[in-house]
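A.B. asks: First the structure, then my questions, so here it is.
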């Protein structure tokens with residue numbers, strides 16, 4: 001070999017290449033990547049296509065079901081789909097109890113629950129429990145005007161939460177006798 005052959009101007013044919021198999025593996029990987037179904041799908045997906053099942057029409061200047069909807073319409077549809085209409089109306093009455101029954105009765109009573117046409121109301125004294133039992137038909141009529149005919153069938157009136165006399169392990173089962181004059 002001459003000194004000219006060892007220089008930078010060496011012809012490519014004369015350059016010895018080490019063939020360790022990496023070049024061959026890279027070439028095979030590139031070739032298989034071009035021909036796989038996933039590669040072909042990637043090439044096709046570069047152009048936009050409408051989703052399957054949707055119409056190919058575009059939204060215009062007129063109202064469309066794909067346009068943004070007002071919040072009240074969406075919430076009304078959600079309430080109707082889940083059957084929450086009656087429950088929401090009843091809880092609305094709970095929130096406006098004083099307005100519905102009047103300030104005097106509302107100050108001394110609170111609704112507790114509503115199930116199957118029965119409204120449970122708790123009063124703050126036994127005297128108000130008796131008074132509300134007498135006014136129950138009037139209150140039922142007023143609530144049904146607001147909620148719809150036949151929604152409230154019965155009002156169950158409960159007196160105040162009474163203290164219990166069972167204290168300690170040596171107390172009697174009967175307590176201290178009837179105590180119906182609280183309040």
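A.B. asks: Taking segment 101-139 on its own, how many of its residues are assigned to a strand (DSSP E or B) and over 18 Å from residue 152 (Cα atoms)?
C.D. replies: 1
A.B. asks: Would segment 75-87 turn up any residue that is assigned to a helix (DSSP H, G or I), within 17 Å of residue 154 (Cα to Cα) and at pLDDT below 85?
C.D. replies: Yes, because at least one residue in segment 75-87 is assigned to a helix (DSSP H, G or I), within 17 Å of residue 154 (Cα to Cα) and at pLDDT below 85.
A.B. asks: When you look at residue 160, is it modelled with pLDDT under 90 and surrounded by 14 or more Cβ atoms within 10 Å (Cβ to Cβ), yes or no?
C.D. replies: The answer is yes for residue 160.
A.B. asks: Of all residues in segment 140-154 being within 18 Å of residue 99 (Cα to Cα) and assigned to a loop (DSSP other than H, G, I, E, B), which is modelled with the lowest pLDDT?
C.D. replies: Checking each candidate, the answer is 148.
A.B. asks: Select from segment 111-130 the residues that are surrounded by 14 or more Cβ atoms within 10 Å (Cβ to Cβ), under 27 Å from residue 163 (Cβ atoms) and in contact with a strand residue (DSSP E or B) (Cβ under 8 Å, 6 or more places away or on another chain) and list them in ascending order.
C.D. replies: Scanning segment 111-130 gives 111, 119, 120, 121, 122, 123, 124, 128, 129.
A.B. asks: Please list, ordered by first then second residue, the pairs with beta carbon atoms under 6 Å, 6 or more apart or interchain, first in segment 54-77 and under 30 Å from residue 88 (Cα atoms), second modelled with pLDDT under 85 and assigned to a loop (DSSP other than H, G, I, E, B).
C.D. replies: If the second residue must be modelled with pLDDT under 85 and assigned to a loop (DSSP other than H, G, I, E, B), the pairs left are 66/59.
The values are calculated or read from the model by the stated rules, or taken from the named source; none is laboratory data. Note that the structure is a prediction, hence the values are computed from the model and not measured. As a convention, Cβ positions derive from the backbone with ideal geometry for all residues, glycine included, and neighbour counts pool all protein chains shown.
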